[in-house]
1. Taking neighbour counts of Cβ atoms within 10 Å as a proxy for exposure, in what order, fewest first, do 125, 240 appear?
2. Ranked highest first by the average count of other Cβ atoms within 10 Å around their residues, in what order do 304-315, 332-343, 260-271 fall?
3. Please arrange 140, 133 by counting, for each residue, the other beta carbons lying within 10 Å of its beta carbon, fewest first.
4. Rg and Dmax in Å for the stretch 349-452, alpha carbons only: what are they?
5. Once the Cα gyration tensor of the stretch 3-64 is diagonalised, what are the square roots of 5 times its eigenvalues, in whole Å and ordered largest first, as equivalent ellipsoid semi-axes?
6. Going by average Cβ density within 10 Å per residue, which order do the peptides 373-379, 221-227, 162-168, 358-364 take, highest to lowest?
7. Give me the distance between the Cα centres of the stretch 224-238 and the stretch 1-60, rounded to whole Å.
C-alpha cells in the first residue's frame, strides 16, 4: 500500500474517531464497554497507520533514489571484491576538478569519499577494540581522518547549535509520519555543504551514525523536540540572564517637563550546568562488529539515541532541579484547576490557553501523555467543533484549537486527582544546554564469555525553563478529589 493510500485510510479513521465521539457526546454519557473497546482500537489503528506512513514514505524515497541512473563518473571504481575504492574516487575527483574547475558535483563526490573514510574508520575502531585485524583500506581511512583505532575512548561530535535548532524545527512543524524523511533531507543538505566542523571527532564519525543518534534522541519523549537546545564546547556553568519589565510603562510629559524617576526591570539569571548521563551498557555481538560500518553506525546510533533520549526526556519533564535539571512540569505555573479529578472539560482547555499571556501564545503548543490525548479526542468546543484536529494536511502535526501538540510519555498517563495532565505555552522557553561531544567507552573483556563487546556512552547536559516572572508555560491540574 502506498503512502498516499495509507494517508487516505488514516483520514477515514480520523472521521471514525469523530463519529464514535459523537455517539456519546450527543447523549452526554460515557462509553459502554463495547464502545470503549472500539474507541481504543480505532485510536490505536490511527497511531499505527501514522507509523506505517512513515515507513512507506521512507521506502518510496529509497526506491526513487534507486531508480535514478548514476553515471560512471559518480559511481566510483570497485576493487576485485566488489567494494568501492576510495583512492579511485579521489583520483577521479581530482581529474574532474582540473577539467571543470570544481563545482557542486565535485564537492558532492568529495563529500561521499570523506563519508566512506569516516565509516571505514569507525568500523576499524570497533574491530581494533575487539582484537580483530584491520584491513589495509581501514588503516588508510584511519590515517586520512586522523583517528587512532587504539584509543580506548571515541568522542562523537554532535552538530552545532544552529544545526540542532533546524532539526528541532522539523520535529515541531512536521507530522510524525514525515519527520524521518525531512530529517534525511536535512542530513544530505548538511553533507553537501560540509557543515560538520568543530572538535576533531566530527571528522571521524560517519554522518549516518550522527544522524541516527540525533534523530532517536529527539524522537523519544518530546522535550528535545520542543525545547531550545544550545550546544557548548565546554561544561563550565552557563548563566542565562532574564529580565522582567512587564509591570513598567512609559509616561506622558508636558512641554518642558522632565522625565520621572528611574524604574528598572527585574533582572535575574538561570544557571545551566552540565550533569553527566550514561546510556548504560550497550552489548554488541562480535558478529555485528564484523559487518559493514554503515550497519554498525545505524544500530549503535539507534541504541545510543533511544537510551539517552529517554533519560533526557524524563529529567527535562519531571526533574526536581536539585543537582539535576529542573523539569518543565516542575518549573511551570498553575493555569487552571479542573473541576473534576478524573475528567477534562472542553472549556477548561480554553481557560488554560487564555491563562497564558497573549505574547506567549504565538508559537505556543500543547504537551500531554498519549493516553490523555486519547481522552481529549472526543471533546468539542462551544460551537460543536472537535478540539482535536488530525494533522493530515500537508504533513502538519495534530492540533488542539489550532495549536500543535507534542506527546510526552513522562507526563501523567491517567486523569486522576491532582495530576498535571496538560501543558500549554511557549515551550521553546525551556532551554537545554548540552556539552557538544558524546564519549563512548569500551568495557574490556567484560562479556567475552558470550562473544559480546560492551560499550557505554556519556553525555553532559542540563535544562530549565526561562521564566522572568511572566510565566510562559502553564499546566492544567486535576481537582484534588
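Read the figures in this text as sums done on the coordinates, not as results from a lab. The model shown is predicted, which means the values in this text are computed figures rather than measured ones. Here the Cβ is made from the backbone with ideal geometry for all residues, glycine too, and neighbour counts use every protein chain on show.
1. Working: 125 25, 240 14.
The fewest-first ordering by Cβ neighbours comes to 240, 125.
2. 304-315, 332-343, 260-271
3. 133, 140
4. When restricted to Cα atoms, the stretch 349-452 yields Rg and Dmax of 20.1, 67 Å.
5. Taking √(5λ) for each eigenvalue gives 31, 10, 6 Å, largest first.
6. Top to bottom by mean Cβ count within 10 Å: 221-227, 373-379, 162-168, 358-364.
7. For the stretch 224-238 versus the stretch 1-60, the Cα centre distance is 38 Å.
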